[in-house]
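*Asks:* What follows is a single structure, and I will ask about it in a moment.
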Amino acid sequence: MALIILAACNQPGNSQPALVQLDPARIGHYGFGSVAKADEIAGWNIDIRPDGKGLPEGQGSVEDGEWIYEAQCAECHGSFGEGVGRFPVLAGGMDSLRDFRPTKTIGSYWPYTSTLYDYIYRAMPFTQPQSLSVDETYAVTAYVLYLNDLVGDDFELNQHNLANIPLPNRAGFTRDPRPDVANIRCMENCRDPAKIKILSETLPSVQQDYTSGIEPASTKANAGQSIYTQACKLCHESGLAGAPVHGEKDQWETRIAQGLDKLVSRAITGFTGDSGVMPPKGGFTQLSDEEIRLAVTYMVESVP
Amino acid sequence: MGDKQLDEWLQSIASEGAALPVTERRGFLKQALTLFGSAAVGSSLGTSAFADAQNLPPNVPVWTRSLGSGVVSNPYGKPSDFESHVKRRTVDWLTADRIASVSFTPLGDLKGIITPSAVVFERYHAGLPQINPHEHRLMIHGMVERPIILSMEDLMRFPSTSMIRFLECPANGGMEWRGAQMDRLQFSHGMLACCEWTGVMLSTLLEEVGIKKDARWILAEGADGAHMSRSIPMAKALDDAIIVYAQNGEALRPEQGYPVRLINPGWEGNTSIKWLRRLKVGDKPWHHREETSKYTDLMADGSAREFTFVQECNSVVTCPCPEKPEKNKGKLWIEGLAWSGRGKIKHVDISVNGGVSWRPASFTSQVLPKALTRFGLEWDWDGSPALIQSRAVDETAYVQPTYGQLRAVRGTNSIYHKNAIHTWKLYPDGKVSNVQIS
C-alpha cells in the first residue's frame, strides 16, 4: 500500500491533510485493466487548455460559423447571443460585473478563448453533444468571438491563433482567499434586541410562485406543458385520484375517443367517473378556460 | 391553496386512500376531493385527521387482525406508502429546463446523518445518462508512466475503502444572497446530502499508473452528454479523493453517477464528477467552462474568485422549519444539521431571539470529519414569535458567519458558497417562515 506520511501536527486550527507519498516501485503493482493504447486515448482525449494544448488541427471562419450557429445554436442562445428564456447569454454585458444584475458572457466574464472551443466541442449543441466536427467547432467558436466584437467578420480561427486571442476579463480572476470572514462565538448580550429588523421574508404558508421566473411560453404547446407542470402533473403523473396517467395510451384512448371538447369541458367543470374524480380545473380555479384547454391539448397530444 | 398544502393534501389522500379496500377507496376519494377547492383546508387537517378511531385504543387495529403480504413482495424494498411525501422536489424557475437542472433533498423529513440514496439531491448538466456498466470504462492517462483503461470489474479488484462524507452543491442557498427567497428548508438548503461512499482511493490508482515529476493537476471528466470536467489539484487527489462505486451499501444510484464517480470530500459537489470516464494528469489546470464561466465567485468589485473548492462550515435548523410547523407550545426539541469541509464540527449554538443570546446544542449523532452532524436542544416555547438560528464552529475554530459579514466582503453576486447563519421566524400559530434580519 501507499506510504502514509501523517502531517506533523494535526492540531485544531490546522487542517493539514495526511498526505500520501507515491512509491515509484509500485507502478503497475496490481496490473489490473489494460494499458491504454494511443488510438483508444485519442478518441476520448478532447480537453483543451488555455495555452492551446490539446487543440486539434483544423480551421473555421466567422462566415462558416454563422450558418452553423443559426442552424444549431440560435434556438437557445438567440441570433445575437442574447439568450432565449433562461438559456445562457453569450455576448454583451461588457462592464456589467459590478452591476446589481451582472451579465456574465464570453466577452464580459470568461477568461480564456480555449474554454469556448473546449465547451462547444465537449457539450454542444445541447441535444447533440460532440456532433460538431473539428472545423465546425472552430467556425462556431470564431462566430461567437465575432458576436462579442472580439474578431472581424473575415476572421478565420485555427489551432495556431486560438490561444493568442485574449478575452477582455482575463485578469479578472483571483485565487481563493477564504476564510475571509471572522465571526466570534459570542453567547450572551451579543446584540441589541431593539436593532433587530426583518429585512426580507418569505410567506410562512409556502405560497412561493414556482413559475415567476419562467419566460412567457412562445408556443401553445409550451404553454400547455407549462400549465400541465404547474397544475395537472401532481395527479396526472402518478394517477392519483384515478387520474389518467400522462402519456399512458391505454388510459387515454377511450377518453380521447370522446373528443377534445368534451375532455376540456369536463376538466373545466369537474367530473366524477367510475374510476376517479376530476375536480373543477384540478383545483386550480385561477386558471382560465383557455389555459385548461391548452393543458388538456398538451396531455392528449402526448399520448403516443 | 398553496402548492405545498396541495401537495400534502394530495399525499394524505393518496396514502389514506391506498390503505382502504377498493370499494371504500372510491367513496373516500370522492368525499376527500369534494373538499378540494375549499379554502378551509388548513394545517389542522394533517394526516392525524385521517386516523380512524376504529384503529385506535381500546380497539385493535385492522392490521393486527389480519395477515400481511409475504416475503419478497418488494424484492428491493420501498418506503411505506405513508411516506410518499418524502421526495426530491425542484423549482422550475431556477433553470431553463429540467435536463440541465437541480432537485433538492427533503431535509426536513430525514433523520440522523445518512441521506437515503433515493432522495439525494440531483444536479445534471445534460440529463441523467443510462450507462451499461459492462460497457463503461475509466481511462487514466496524461503525465503518467503507465496509462490504463479499467472496466468496473477491474476497478473493484483494487483495495476498497468506505467513508461517510457530506456532498453539497456550492450553489446551495445561492438564491438567498440578495434576500430571503426560498420558502422552505428543502429549497433553501436541500442541495446537501451525506452518504457512506465506497470505492478506491484515488491515490491508490495514481500509484498504480505512476505520476510524472511535474504533475500538479488532474482533469476529471464525466461520460454524460456534458462531459462534465473539472481540474483537481494533485494535493487533493493524494489526500482523500475517492473513486466511488457504492453508496450507502448499494451500487451508486444512476442519479449519483452510476457506475462510478469521483468524491472530493468537503469540496464543492461540482468537482465530484459523476459517471466518471477519464482522469488526465497534467501540470496546469484546464480552466474549463465549469471552473471559469460557472463555479467562480463574483465579488462586488467585479473581480471573481476561481477554484473556490472548500465548502465552509455551515448549519441549519431542520425542526422547526416551514415544512414542519410547530403544532404545540411547551417543550420543543429544536434540531438541525451542521457540517464543515475543513473537518469536524466542534460546537453548535442555538438562538431563539435573533442572535441576542445563544445556548450550546448537544450532538445527537456521531461527529465525523466532513460529514453531516446532527444537533439538538430542548426549549420551552411560550408561544411568542421567535427568531431561531443555529451557528456552527468547526475544528479549525472557524465560526459560521452572518449574512452581514459575508456581504461586507463579497457583495451579493457571488452565487456560490453562501454559508451564513440562517433564521427561521416562528409565528404564534406555529407556522415558520424564512427571514433575513439586520
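*Asks:* Name the residues in the range B:86-117 that are open to solvent by 50 Å² or more (accessible area, probe 1.4 Å) and either out of contact with any Phe, Trp or Tyr (no Cβ under 8 Å at 6 or more places or on another chain) or away from chain A (no Cβ under 14 Å) (or both), would you?
*Replies:* Passing the criteria: B:87, B:98, B:111, B:114, B:116.
*Asks:* Please give the helices (runs of 4 or more DSSP H) falling wholly within the range A:52-126 in which 3 or more residues are in the same structural domain as residue A:143 (by TED's automatic domain parsing) and in contact (Cβ under 8 Å) with a residue 24 or more places away in the chain.
*Replies:* Result: A:62-72, A:113-123.
*Asks:* (1) at positive phi; (2) over 18 Å from the mean Cα position of the chain (by Cα); (3) open to solvent by 10 Å² or more (accessible area, probe 1.4 Å): which one isn't true of residue B:210, the others all being true?
*Replies:* The failed condition is (3).
*Asks:* Moving to a separate point now. With the structure loaded, tell me whether residue B:203 is within 30 Å of residue A:119 (Cβ to Cβ), open to solvent by less than 20 Å² (accessible area, probe 1.4 Å), polar (S, T, N, Q) and free of Cβ contacts under 8 Å to residues at least 40 places away in the same chain or whether it fails that test.
*Replies:* yes
*Asks:* Which condition number does residue B:280 fail, the rest of (1) within 8 Å of chain A (Cβ to nearest Cβ); (2) out of contact with any Asp or Glu (no Cβ under 7 Å at 6 or more places or on another chain); (3) in a strand (DSSP E or B) being met?
*Replies:* With (1) within 8 Å of chain A (Cβ to nearest Cβ); (2) out of contact with any Asp or Glu (no Cβ under 7 Å at 6 or more places or on another chain); (3) in a strand (DSSP E or B) applied to residue B:280, the lone miss is (2).
*Asks:* OK, next. Given B:428, B:385, B:401, B:360, which one is touching a Leu at 6+ places or on another chain (Cβ under 7 Å) and within 12 Å of another protein chain (Cβ to nearest Cβ)?
*Replies:* Result of the check over B:428, B:385, B:401, B:360: B:385.
*Asks:* Hey, residue B:40 hits all of (1) modelled with pLDDT under 55; (2) within 31 Å of the chain's Cα centre (by Cα); (3) away from chain A (no Cβ under 11 Å) but one; which does it fall short on?
*Replies:* Among (1) modelled with pLDDT under 55; (2) within 31 Å of the chain's Cα centre (by Cα); (3) away from chain A (no Cβ under 11 Å), the lone unmet condition for residue B:40 is (2).
*Asks:* Then there is this: Which one of these is within 24 Å of residue A:24 (Cβ to Cβ) and either in contact with a strand residue (DSSP E or B) (Cβ under 9 Å, 6 or more places away or on another chain) or in contact (Cβ under 8 Å) with a residue 12 or more places away in the chain (or both): B:159, B:133?
*Replies:* B:159
*Asks:* Tell me yes or no: at least one residue of the range A:83-95 is farther than 30 Å from residue B:178 by Cβ and open to solvent by less than 40 Å² (accessible area, probe 1.4 Å).
*Replies:* no
*Asks:* Determine, yes or no, whether residue A:161 is open to solvent by 20 Å² or more (accessible area, probe 1.4 Å) and in the same structural domain as residue A:77 (by TED's automatic domain parsing).
*Replies:* Yes, satisfied.
*Asks:* Out of all the residues in the range B:65-74, is one or more open to solvent by 50 Å² or more (accessible area, probe 1.4 Å), assigned to a loop (DSSP other than H, G, I, E, B), within 19 Å of residue B:249 (Cα to Cα) and of a type in the set (Gly, Ala, Ser)?
*Replies:* No, the range B:65-74 contains no residue that is open to solvent by 50 Å² or more (accessible area, probe 1.4 Å), assigned to a loop (DSSP other than H, G, I, E, B), within 19 Å of residue B:249 (Cα to Cα) and of a type in the set (Gly, Ala, Ser).
*Asks:* Of (1) closer than 30 Å to residue B:436 by Cβ; (2) in contact with an Asp or Glu (Cβ under 7 Å, 6 or more places away or on another chain), residue B:209 satisfies all except one. Which?
*Replies:* Evaluating residue B:209 over (1) closer than 30 Å to residue B:436 by Cβ; (2) in contact with an Asp or Glu (Cβ under 7 Å, 6 or more places away or on another chain) leaves (1) as the failure.
*Asks:* Take residue B:390 and tell me if it is more than 8 Å from chain A (Cβ to nearest Cβ), surrounded by 21 or more Cβ atoms within 10 Å (Cβ to Cβ), at pLDDT 95 or above and closer than 21 Å to residue B:322 by Cα.
*Replies:* yes
*Asks:* Within the range B:270-277, does at least one residue satisfy the condition of being in a strand (DSSP E or B), among the aromatic types (Phe, Trp, Tyr) and more than 7 Å from chain A (Cβ to nearest Cβ)?
*Replies:* No, the range B:270-277 contains no residue that is in a strand (DSSP E or B), among the aromatic types (Phe, Trp, Tyr) and more than 7 Å from chain A (Cβ to nearest Cβ).
*Asks:* Which condition from (1) modelled with pLDDT of 95 or more; (2) facing chain B (nearest Cβ under 9 Å) is the one that residue A:213 breaks?
*Replies:* It is condition (1) that residue A:213 fails.
*Asks:* Being out of contact with any helix residue (DSSP H, G or I) (no Cβ under 7 Å at 6 or more places or on another chain), of a type in the set (A, V, I, L, M) and either within 7 Å of chain B (Cβ to nearest Cβ) or closer than 15 Å to residue A:168 by Cβ (or both) is the filter here; which residues of the range A:75-96 pass it?
*Replies:* A:94 - this is the single residue of the range A:75-96 that is out of contact with any helix residue (DSSP H, G or I) (no Cβ under 7 Å at 6 or more places or on another chain), of a type in the set (A, V, I, L, M) and either within 7 Å of chain B (Cβ to nearest Cβ) or closer than 15 Å to residue A:168 by Cβ (or both).
*Asks:* If you don't mind, there's one more thing I want to ask. For residue A:28, are the conditions met, namely being outside the structural domain of residue A:140 (by TED's automatic domain parsing), at pLDDT 95 or above and in contact with a helix residue (DSSP H, G or I) (Cβ under 7 Å, 6 or more places away or on another chain)?
*Replies:* Yes.
*Asks:* Restricting attention to the range B:356-370, does a residue exist that is within 25 Å of residue B:240 (Cβ to Cβ), under 22 Å from the mean Cα position of the chain (by Cα), among the polar types (S, T, N, Q) and open to solvent by 40 Å² or more (accessible area, probe 1.4 Å)?
*Replies:* yes
The values are calculated or read from the model by the stated rules, or taken from the named source; none is laboratory data. These numbers come from a predicted model, not from an experiment. Every residue, glycine as well, gets a Cβ built from its backbone with ideal geometry; the counts of neighbours run over all protein chains shown. Just the protein is used for accessible areas: all its heavy atoms, side chains included, with ligands, DNA and RNA removed. Shrake-Rupley method; radii C 1.70, N 1.55, O 1.52, S 1.80 Å.
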